[in-house]
Amino acid sequence: DAGVTQSPTHLIKTRGQQVTLRCSPKSGHDTVSWYQQALGQGPQFIFQYYEEEERQRGNFPDRFSGHQFPNYSSELNVNALLLGDSALYLCASSSGTGVADTQYFGPGTRLTVL
Amino acid sequence: AQRVTQPEKLLSVFKGAPVELKCNYSYSGSPELFWYVQYSRQRLQLLLRHISRESIKGFTADLNKGETSFHLKKPFAQEEDSAMYYCALMRVEYGNKLVFGAGTILRVKS
């Protein structure tokens, strides 16, 4: 099991563009969470998907949206990119079978907005 | 609102010295607390969580609800412990989102 995988590894966009990031969860996991990690900070929760629906959302604008597919993989979309969206975007998966399930993280996608 | 504070950005110790990475939280409910570690060029990985009460790689952490702390400790630091350490809180009654501290870099010198 490769664990949580994310693509692409790096991405460079310009302001105003749109971006899609992808995540495949660990085998056997059905819940995917997305986090934004700005330089020098800890990860910040964006949202979580379970059974193809957004279950929880952090304090991020509607420009950030997501999707979960029947195979539990997920996408994070960001519209109208701002310079401040430059960050490492982390995906984490968990089993979703109970409370406080451990989340396993992917390697991240480094997004640079110019 | 829930918050996790790691007061030290950098902790530098000599090999064999004791290590204590501080973590304080603010939360009114019953928290689930975690320590995650990120070694150089590796992904964020779980080190330990308080509910399991395990000792991983010689590290332990005790939840002190009175002081709202979850400090990470190891009696004898090793060079391979050098990494970034994040303390995180999970609010289980509002789903399983993690709230992270800003992290502490641990540098173990030989």
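In this calculation the C-beta distance from B:D62 to A:S27 is compared with R0 = 22 Å, giving a FRET efficiency of 0.10. Take the Cα of A:F69, go 7 Å toward its beta carbon, and the backbone nitrogen atoms of the stretch A:7-50 under 17 Å from that spot belong to A:7-9, A:20-33, A:49-50. Projecting the Cα positions of A:Q18, A:A87, B:G16 onto the charge dipole of the protein assembly as shown (unit charges on Cβ atoms of Lys, Arg, Asp and Glu, taken about the Cα centre) puts B:G16 furthest along the positive direction. Rounded to the nearest 100, the interface formed by chains A and B buries 1600 square angstrom of accessible surface, both chains summed, with a 1.4 Å probe. Across the options B:Q38, B:I56, A:F47, the greatest Cα extent toward the positive end of the charge dipole of the protein assembly as shown (unit charges at beta carbon of Lys, Arg, Asp, Glu) belongs to B:Q38. The value obtained for chain A, namely the Cα convex hull volume divided by the number of residues, is 96 Å³ per residue.
Between B:Q78 and B:G16, the built amide H atoms are under 5 Å apart, and every one of these is 5 or more places off in sequence or on another chain. For chain B, with equal point scatterers placed on the C-alpha atoms only and solvent neglected, what are the log10 I(q)/I(0) values from the Debye formula at q = 0.13, 0.21, 0.22 1/Å, to two decimals? Per q value, in the given order, log10 I(q)/I(0) is -0.44, -1.12, -1.23. Spatially, the stretch B:48-75 and the stretch A:31-48 are offset by 23 Å when compared through their Cα centroids.
Apolar share of the accessible surface for the protein assembly as shown: 49 percent from carbon plus sulfur atoms, 1.4 Å probe. Remark: the protein assembly as shown carries a charge dipole of roughly 720 debye about the Cα centre, counting +1 on each Lys and Arg Cβ and -1 on each Asp and Glu Cβ. The dipole here belongs to the stretch B:42-110: it is taken about the Cα centre, uses +1 on the Cβ of Lys and Arg and -1 on the Cβ of Asp and Glu, and is about 100 debye. Modelled label positions at A:T14 and A:A2, each set 7 Å beyond Cα in the direction of Cβ, lie 3.2 nm from each other. When only the Cβ of Lys, Arg, Asp and Glu is charged (+1, +1, -1, -1), the dipole of the stretch A:5-113 relative to its Cα centre reaches about 460 debye. With the simple model of a label 7 Å out from the Cα in the direction of the Cβ, B:Q42 to B:R3 spans 3.2 nm.
Measuring against 22 Å, Cα to Cα, the residue pairs B:K65/B:K109; A:K26/B:K73; B:K15/B:K74; B:K9/B:K109; A:K26/B:K57 contain B:K65/B:K109; A:K26/B:K73; A:K26/B:K57 as the ones spanning a longer distance. Rg/Rh, computed from the Cα trace of the protein assembly as shown with Rh as the Kirkwood radius, has the value 0.97.
Summed over the residues of the stretch B:3-109 and divided among them, the accessible surface reaches 50 Å² per residue at a probe radius of 1.4 Å. With θ taken as phi - 60° and the Karplus curve 6.51 cos²θ - 1.76 cosθ + 1.60 applied, the whole-hertz 3J(HN,Hα) list for the stretch A:42-54 is x, x, 10, 5, 9, 6, 9, 10, 8, 6, 6, 10, 6 Hz, x standing for glycine and proline.
The values are calculated or read from the model by the stated rules, or taken from the named source; none is laboratory data. Note that the structure is predicted; figures quoted are calculated from it, not measured. Positions of Cβ are backbone-derived with ideal geometry, glycine not excepted, and every protein chain shown enters the neighbour counts. Just so you know, the surface numbers come from the protein's heavy atoms only, side chains and all, with ligands and any DNA or RNA stripped out. Shrake-Rupley method; radii C 1.70, N 1.55, O 1.52, S 1.80 Å.
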